[in-house]
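Notes for the one structure printed next.
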Amino acid sequence: MAKLYIVGTPIGNLGDLSPRAAETLKRADIIACEDTRHSRPLLAGIGATGRTVAYHKFNEAECARKIADAVREGKNVALITDAGMPSVSDPGAEVVAFCRKEGIEVESVPGPSAVTTAVALSGVKGGGFVFLGFLPEKQSERKRAVERAAKACLPIVVYAAPHDVKKTAAELGGLLGDRKVYAVREMTKLHECVQESTLLSFECEERGEIVLVIEGAEEENELLRLPPEQHLAEYLSAGMDKKEAVKRVAAERGVPKNDIYRLTL
């Protein structure tokens, strides 16, 4: 039975195309590309001869219907972007959603993704991250998106074009404060690099596709809003040993232990 295949393609190093992805592309009757000219060398290199069609954010709705019709006619269709996974800050989501709605089987053939590669290279910790992709064009929408993401207290990942990466970092600094940021460039290529700085003292060579991995903020301790004696009382009422409670409150408030101990006298 024919299917729609979502195929991940290399983000830089052509050697990262998986054998399964290569085989899927070679067997596809139609290959829907974000840019057929960009994808042609990759497809030629593996001997994929399927008919190529272009889909992008301006024709995705129309293309979704044509792809669905092709699969219903028994043709296997592979969906690829210029680099990485379709639908991840790239066109493809509308095609996939439409095909699912029409009852067409969709299969994923995973591959490289800039966001996960950048997070891994940065070494940032946080038990997860918030991915914003390319920020909205309107300033009000950018502000709303960043402020919403900041509430998670997790690292934030943003895609940035080289010509406005410094402006983006400065704007993020104004919204998030001067957090540590890792600018990851040229991933999987010869000159792959990670430049560490802060949002308000940002440093990054303005070349190539850039991913910004911004450290998350520490989650606010609600007890810090209480007076010190109530803060201490909360831990004591929870059964914590007095000595340990004094030590913990002093550390959390950044004051000498004696100042908190006096509250117990």
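Based on the alpha-carbon gyration tensor of the range 1-83 and its eigenvalue square roots a ≥ b ≥ c, which shape applies: rounded if a/c is under 1.5, prolate if not and a/b is larger than b/c, or oblate? Don't skip to the answer; put the middle values down first.
Values: a/c = 2.02, a/b = 1.33, b/c = 1.52.
Since a/c reaches 1.5 but b/c is at least a/b, the shape of the range 1-83 is classed as oblate.
Residues of the range 93-132 with the amide nitrogen closer than 18 Å to a label point 7 Å from the Cα of residue 180, along Cα-to-Cβ, please.
Of the residues in the range 93-132, 118-130 have backbone N under 18 Å from the label point off residue 180.
For mean projected area of the Cα convex hull in nm², pick the label among (i) 13.6; (ii) 19.2; (iii) 15.2 that corresponds to the value derived from the coordinates.
It is the one labelled (ii).
Counting only protein heavy atoms and using a 1.4 Å probe, what share of the accessible area of the chain belongs to carbon plus sulfur, as a whole percent? Can you show the working numbers first?
Details: 7290 of 14610 Å².
Result for the chain: 50 percent of the exposed heavy-atom area is carbon or sulfur.
Compute, for the chain, the length of the dipole vector about the Cα centre, with Cβ point charges of +1 (Lys, Arg) and -1 (Asp, Glu) only. Units Debye, rounded to 20.
Working: 36 positive and 39 negative charges, 49 e Å.
With Lys and Arg at +1 and Asp and Glu at -1, about 240 debye.
Which of the peptides 38-44, 19-25 is most tightly packed, and how do the rest follow, judged by the mean count of other Cβ atoms within 10 Å per residue?
Numbers: 38-44: 15.6, 19-25: 17.3.
The packing order, highest mean first, is 19-25, 38-44.
Would you mind calculating the gained length between residue 16 and residue 263 on full extension (0.36 nm times residue separation, minus the Cα-Cα distance), in nm to one decimal?
On the way: separation 247, 0.36 × 247 = 88.92 nm, distance 6.18 nm.
Length gained, residue 16 through residue 263: 82.7 nm.
Say the cut-off is 30 Å between C-alpha atoms; which of 143/247; 151/242; 57/101; 151/243; 66/138; 143/180 go over it? It would help to have the intermediate numbers written out before the result.
On the way: 143/247 39 Å; 151/242 33 Å; 57/101 19 Å; 151/243 33 Å; 66/138 32 Å; 143/180 19 Å.
Correct reply: 143/247; 151/242; 151/243; 66/138.
So how do 86-95, 187-196, 157-166 stack up, highest first, on mean other-Cβ count within 10 Å? Present the calculation step by step, with values, prior to reporting the outcome.
Numbers: 86-95: 19.4, 187-196: 14.5, 157-166: 17.7.
Highest-to-lowest ranking by the protection proxy: 86-95, 157-166, 187-196.
Among 55, 5, what's the order by accessible area (1.4 angstrom probe), most exposed first?
On the way: 55 0, 5 25 Å².
From most accessible down to least: 5, 55.
Per-residue HN-Hα couplings for the range 192-208, Karplus 6.51 cos²θ - 1.76 cosθ + 1.60 at θ = phi - 60°, whole Hz, x for Gly and Pro?
Coupling constants for the range 192-208: 3, 8, 10, 10, 9, 7, 10, 4, 8, 10, 6, 9, 6, 5, 8, 9, x Hz.
Setting aside same-chain residues fewer than 8 positions from residue 3, which aspartates and glutamates have a Cα under 13 Å from its Cα?
29, 69, 73, 102, 105, 107
The values are calculated or read from the model by the stated rules, or taken from the named source; none is laboratory data. Not measured: the values here are computed from a predicted model. Using ideal geometry, Cβ is built from the backbone for each residue, glycine included, and neighbour counts are taken over all protein chains shown. Keep in mind that these areas ignore ligands, DNA and RNA; they rest on the heavy atoms of the full protein, side chains included. Shrake-Rupley method; radii C 1.70, N 1.55, O 1.52, S 1.80 Å.
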